[in-house]
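The values are calculated or read from the model by the stated rules, or taken from the named source; none is laboratory data. Predicted, not measured: the structure shown is a model, and the values here were computed from it. Using ideal geometry, Cβ is built from the backbone for each residue, glycine included, and neighbour counts are taken over all protein chains shown. For accessibility, only protein heavy atoms count, side chains too; no ligands or nucleic acids. Shrake-Rupley method; radii C 1.70, N 1.55, O 1.52, S 1.80 Å.
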Amino acid sequence: MDKIIIVYGSLNSIPSPEGAAPAKVIMDTVKHLDKDKFQVLSHFNKNLDPATYDTALYKHINPSISDKLYLIWFKLKYNYAKRRELFITAQDSQLLYFIAASRYIKRRDHKKIIVHVSTGLVAMIKHFNRDCEVVFYHHGTSLHTKLTESQWQDLLKNTVAIFGVNQAAATMANAHFKTRLPAKHYYKIANGVDQAVAPIKSEPTATGFKILFSGRICKEKGVLELIKAFKILKDKQLDVELIIAGHVGTKRGLEAANKYLESCKKYIGENNLGVNFKGFLSQLELFELYNKINVMVLPTDPKLSLEGMPLSLLEAMAMAKPLIATNVGGNPEVIEDGINGFLVYSDENYAAEIAEKLESIYLNKDLEKRLAENALKRYKEEFTTKKMGMHFLEALKEIGYVGK
């Protein structure tokens, strides 16, 4: 049987030392599959040690001289604007990887391809391999914001199906584009995470109340709104602690992210708040931290970002922690409001609403316990990596990629 090729469209690699969520989803999906029937392609990373991963399963594409010549030809044939229109990017390094991956697929005559993250890579693969079938796997809720109508039409034409981590992406695409998704062209495959090896503590802590944010520190994630909510609680003399785990990172660039972090720290200093910045944590360190907190908050700014299906929420659920998150993207597909956590519905100056939800949990230990128990139950029912792998295979069967 010809292998099904899973291609990561980012310039990161798999296994991913960068800790990127889509790379983790690919790895967690593949481990539940028959590895002889799949191969994962990603960008070459000289820092990867071949002794640390299955070299038969994970192939890293290092562009050849021929690939670089093709890039020159592409740049001569298509001007900058045309390259962006066709492949969604005109960045040389990205296009070179797209070319190298597409030519690798062509040389080996692979017919069934699953592309993660990049619609531009879908177009490039079809440019070199007209008769192959391509599935696009989308990890966000942003198709309607990133593609023009013609690019959307090309994506539908170039794919046999689109897989997505939430239903919101399909709903918003249909509301935005004139060309609607054909019936049976979109399949939701909810993200999954593994449960920690560490013991799970679902009982509320006896003293203090620890609030955690885990993710990129940037304006899109709304970290400053959470800090303002923390101030509201501190002003009420509540015994609360705010922990922020993660490093700066943003679509707007590292400089903007650093400035945003500085503005957060300035606000903290001006208001004499003690916020515990943990920095980037390993998976083990993060799960150990989950055991020490009372609630996980994801304060994404609804005006700047749409979440796909955040792994941080799923990880916290796996550790029996209540959730609070803004009502964007896939968040309401994870959080049942009032059951395993709370959704925040305000779309600006929403610190007060976050503080209100936090205070309700802080003041009611029975509520905290119930939310925690429901979070763990919902995780086990819907968001394990085994469930994710099962839904992935079901979708592949539906589109005829594997036998039923």
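Accessible area, 1.4 Å probe, largest first: how do ILE361, ILE65 sort?
On the way: ILE361 0, ILE65 130 Å².
Highest to lowest solvent-accessible surface, that is ILE65, ILE361.
Using amide H atoms built in the peptide plane, which far-off residues or other-chain residues are under 5 Å from PHE277 H to H?
Long-range HN contacts for PHE277: ILE244.
Can you pull the accessible area of LYS236 for me, 1.4 Å probe, Å² to the nearest 10?
Rounded to the nearest 10, that gives 100 Å².
Quick one: 3J(HN,Hα) in Hz for segment 276-284, Karplus 6.51/-1.76/1.60 with θ = phi - 60°, rounded, Gly and Pro as x.
8, 8, 8, x, 6, 10, 5, 4, 5
Report for the chain the percent antiparallel among DSSP-assigned beta bridges with both residues inside it, nearest 5.
Details: 0 of 46 bridges.
Just about 0 percent of them are antiparallel.
Are there chymotrypsin sites (Phe, Trp or Tyr not before Pro) in segment 42-122 that DSSP marks as loop and that have at most 15 other Cβ atoms within 10 Å, and which are they? Walk me through the intermediate numbers first.
Values: sites: PHE44, TYR53, TYR58, TYR70, TRP73, PHE74, TYR78, TYR80, PHE87, TYR97, PHE98, TYR104; in loops: PHE44, TYR53, TYR78.
For chymotrypsin sites (Phe, Trp or Tyr not before Pro) across segment 42-122 that sit outside H, G, I, E and B with at most 15 neighbouring Cβ atoms in 10 Å, the list reads PHE44.
Take every Cα pair under 8 Å in the chain that's 6+ residues apart, average their separations, divide by the length, and report that relative contact order as a whole percent. Mind dumping the intermediate values first?
Numbers: 726 pairs, mean separation 60.7, N = 404.
So the answer I get is 15 percent.
Give me the one-decimal nm value for the distance between modelled label points at ALA51 and LYS265, 7 Å along each residue's Cα-to-Cβ direction.
3.8 nm
For the pair LYS210/VAL160, report the inter-label distance in nm, with labels modelled 7 Å from Cα in the Cβ direction.
Taking the simple label geometry, LYS210 and VAL160 are separated by 4.8 nm.
Measuring from label point to label point, each 7 Å out along Cα→Cβ, what is the ASP366 to GLN167 span in nm?
Reported label-point gap for ASP366 and GLN167 is 3.3 nm.
Could you work out the Rg to Rh ratio of segment 325-388, with Rh taken as the Kirkwood radius (inverse of the mean 1/r over all Cα pairs)?
Working: Rg = 12.9 Å, Rh = 12.7 Å.
Radius of gyration relative to Kirkwood radius: 1.02.
Rounded, prolate or oblate: which fits segment 47-106 when a ≥ b ≥ c are the square roots of the eigenvalues of the alpha-carbon gyration tensor, with rounded for a/c under 1.5 and prolate only if a/b beats b/c?
Here segment 47-106 falls in the prolate category.
Which loop GluC sites (Glu not before Pro) in segment 322-404, with loop taken from DSSP, have no more than 12 other Cβ atoms within 10 angstrom of their Cβ? Display every interim value, and only then the final one.
On the way: sites: GLU333, GLU336, GLU348, GLU353, GLU356, GLU359, GLU368, GLU373, GLU381, GLU382, GLU394, GLU398; in loops: GLU336, GLU348.
Here the sparse-neighbourhood loop sites are GLU348.
Indicate the gyration tensor shape class of segment 1-111 (rounded, prolate or oblate), computed on the Cα atoms with a ≥ b ≥ c the square roots of the eigenvalues: a/c under 1.5 is rounded; otherwise a/b larger than b/c is prolate and the rest oblate. If you can, show how the numbers build up before the last one.
Working: a/c = 2.00, a/b = 1.70, b/c = 1.18.
Because a/c hits 1.5 or more and a/b exceeds b/c, segment 1-111 counts as prolate.
Return the FRET efficiency for the residue pair LYS292, ASP34: r is the Cβ-Cβ distance, R0 is 25 Å, and the value is rounded to the nearest 0.05.
Details: r = 39 Å, r/R0 = 1.55.
Efficiency computed from Cβ-Cβ geometry: 0.05.
For n ≥ 4 DSSP H runs only, could you compute -39500 (n - 2.57) per run for the chain, divide by its residues and tell me the 222 nm figure to the nearest 500? The partial results should precede the final answer.
Numbers: 15 runs with 170 residues, N = 404.
Taking each H run of at least 4 residues, the total per residue is -13000 deg cm²/dmol.
Mind putting a number on the dipole of segment 248-355 about its Cα centre? Charges go on the C-beta only, +1 for Lys and Arg and -1 for Asp and Glu, and I need it in Debye to the nearest 20. Each step should come with its number before you reach the end.
Numbers: 9 positive and 14 negative charges, 80 e Å.
Dipole size: approximately 380 debye.
If R0 is 35 Å, what FRET efficiency do you get for ALA256 and ASP235 from their C-beta distance, rounded to 0.05? Don't skip to the end; give the middle numbers.
Working: r = 30 Å, r/R0 = 0.84.
For ALA256 and ASP235, the calculated efficiency is 0.75.
Report, in debye and to the nearest 20, how large the dipole of the chain comes out about its Cα centre when Lys and Arg carry +1 and Asp and Glu carry -1 on their Cβ.
Numbers: 56 positive and 45 negative charges, 299 e Å.
Roughly 1440 debye for the chain.
Select from MET317, THR159, LEU71 the residue farthest towards the positive end of the dipole of the chain; place +1 on Cβ of Lys and Arg, -1 on Cβ of Asp and Glu, and compute about the Cα centre.
Result: LEU71, furthest along the dipole toward the positive end.
Quick one: which residues, 5 or more positions from TYR137 or on another chain, have an amide H under 5 Å from its amide H? H modelled 1.01 Å from N in the peptide plane, none for Pro or chain starts.
VAL115, HIS116, VAL117, PHE163
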